[in-house]
Amino acid sequence: MYTQAMDIAPKEEQRAVRSLEEVELMRRFDAKIDAGDYIEPKDWMPEHYRKTLVRQISQHAHSEIVGMLPEGNWVTRAPTLKRKTILLAKIQDEAGHGLYLYSAAETLGTSRDELLAALHSGKAKYSSIFNYPTLTWADVGVIGWLVDGAAIMNQVPLTRCSYAPYARAMVRICREESFHQRQGFDALNIMMREGTPEQRAMVQDATNRWWWPSLMMFGPPDSESVHGTQNTRWGIKRISNDDLRQKFIDATAEQAKVLGVTLPDPELKWNAERGHYDFGRIDWTEFWRVVNGDGPCNRERLAARRRAHEAGQWVRDAANAHAAKAAGRTPAAA
Ligand code: FAQ
């Protein structure tokens, strides 16, 4: 995979540090990380740090962009004008998040064209969650409640990520995601309180389908996390996959009670001794199948992104021609 190919093991990184000057640069970099300082684009950084950030930030950007598709499916069928306006605003926010994140990745020296080429060729990853279909209107509410809820849980610690442009982007993104989460909860709450029995059943059905995939958003178990240890050392990851997943389950189990829905896990049970909810086994075979391209909608999502990119070529051409004209230059031949 492209992302794996970009990955250099820390051991190789050590071997790549050859000159005394580089050893000193590495020492200063480590000291900054240990002191909790931020790294800016022009600061020296080890190649492996740069590559793992490009990997994570670009996967994150792709997730925001592909993440517009499941919700986009419901724009023309939103039940009221108010819900349609909210949904449109939310989808536009996701596009904005993708663009901030592509910009943050570009500060590390990889162009947006390269990042998009990796997405369109199927080499780059994006969050597994967006490969599931949105079958009913309740799915839109459940995406807000569970998917944005999981995204915030994961992203709030990233506002303290050691790479400053990523941390800064996350501050704004988290503010918007929290509105997204609340609108989803609100839409479901209204359906549960004021809806018909069929509407309440629709919310329960959507919760049943999205619960386990939402837990997978936090990544594989810590014991199988490839990047976890190194990224924690570098202050990119502040809380591990399993710990974030547990925090999410603890918060969401209580929210489900308020909504009046049942989470589809017979083993979900408060454990007073641990101070956490116990939960059932996550199907990691399904997770890896989806991550590796064989989920319910992987092919459809990629095809939609490729089509949108090709259909938008004239806009990029026009913007380039305009920029060239404004700069008093002749536009380069397409
Ligand atoms: N799906 O070693 P780890 C959103 C991959 S934004 C696909 O544990 P790491 C907004 C991982 O990349 C949602 N692949 O990796 C929204 C690695 O593969 P690689 C996205 C996954 O980086 C809401 C391999 O498995 N959020 O929802 C997944 O330490 C509603 C081994 O994993 C972010 O991207 C997965 N779920 O931890 C939009 C947040 N999990 O690269 C629209 C930033 C793992 O070696 C509507 N990212 N993999 O080939 C992160 O925090 C981290 O990258 C993790 C993974 C936690 C996702």
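Each value in this text was obtained by applying a stated rule to the coordinates, not by laboratory testing. For clarity, every value in this text was computed on a predicted model and none was experimentally measured. So basically every Cβ, Gly included, is an ideal-geometry build from the backbone, and we count neighbours across all protein chains shown.
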For this session: Measure off 7 Å from each Cα along the Cα-to-Cβ vector at His276 and Trp314, then give the distance between these two points in nanometres to one decimal.
Result: 5.4
Exercise. Extension gain Ile190-Arg168, at 0.36 nm per residue separation less the Cα-Cα distance, in nm?
Worked result: 4.5 nm
Problem set entry | Neighbour-count order for Thr159, Thr207, fewest beta carbons within 10 angstrom listed first | Thr159, Thr207
Exercise. Glu254 versus Ser103, label points 7 Å from Cα toward the beta carbon: distance in nm?
Worked result: 3.6
Exercise. So which residue, out of Val258, Val75, Val203, gets the largest mean-square fluctuation from a GNM of the chain using Cα contacts under 10 Å as springs?
Worked result: Val258
Seminar exercise, completed: Ignoring GluC sites (Glu not before Pro) buried by more than 11 other Cβ within 10 Å or outside DSSP loops, the longest site-free run in the chain is 1-266
Exercise. Once amide H atoms are placed 1.01 Å from N in the peptide plane, what residues at a sequence separation of 5 or more from His276, or on another chain, have their amide H within under 5 Å of its amide H?
Worked result: Asn271
Exercise. Using 1/(1 + (r/R0)^6) with R0 = 45 angstrom and r between the beta carbons of Asp30 and Asn292, what's the FRET efficiency to the nearest 0.05?
Worked result: 0.85
Problem set entry | Proximal lysines to Lys42, defined as alpha-carbon separation beneath 29 angstrom and excluding residues fewer than eight positions away on the same chain | Lys11, Lys32, Lys51, Lys123, Lys125, Lys237
Problem set entry | Karplus (6.51, -1.76, 1.60) ³J(HN,Hα), θ = phi - 60°, over the stretch 197-206, in Hz, Gly and Pro reported as x | x, 5, 5, 5, 5, 5, 5, 4, 5, 5
Seminar exercise, completed: Checking Gln313, Gln199, Gln59 against a Gaussian network model of the chain (alpha-carbon springs below 10 Å), the top fluctuating residue turns out to be Gln313
Exercise. With springs only between Cα atoms under 10 Å, which of Phe29, Phe248, Phe218 fluctuates most in a Gaussian network model of the chain?
Worked result: Phe29
Exercise. Efficiency by 1/(1 + (r/R0)^6): what FRET value for Ala327 and Thr80, r their Cβ-Cβ distance, R0 = 45 Å, to the nearest 0.05?
Worked result: 0.45
For this session: Sort the chain into rounded, prolate or oblate with this rule: let a ≥ b ≥ c be the square roots of the eigenvalues of the Cα gyration tensor; rounded if a/c is under 1.5, and if a/c is not under 1.5, prolate when a/b is larger than b/c, oblate otherwise.
Result: oblate
Problem set entry | Cβ charges +1 (Lys, Arg) and -1 (Asp, Glu), total dipole of the chain, debye | 800
Seminar exercise, completed: Between the Cα axis of helix 47-66 and the main Cα principal axis of the chain, the angle (0 to 90°, nearest 10) is 40
For this session: Would you mind ranking Leu115, Leu108 so that the residue whose beta carbon has the fewest other beta carbons within 10 Å leads the list?
Result: Leu108, Leu115
Exercise. Taking neighbour counts of Cβ atoms within 10 Å as a proxy for exposure, in what order, fewest first, do Ser103, Ser223, Ser63 appear?
Worked result: Ser223, Ser103, Ser63
Seminar exercise, completed: For Lys257, the aspartates and glutamates lying under 20 Å Cα to Cα, once residues fewer than eight places off in the same chain are dropped, come out as Asp139, Asp148, Asp186, Glu194, Glu198, Asp205, Asp265, Glu267, Asp278
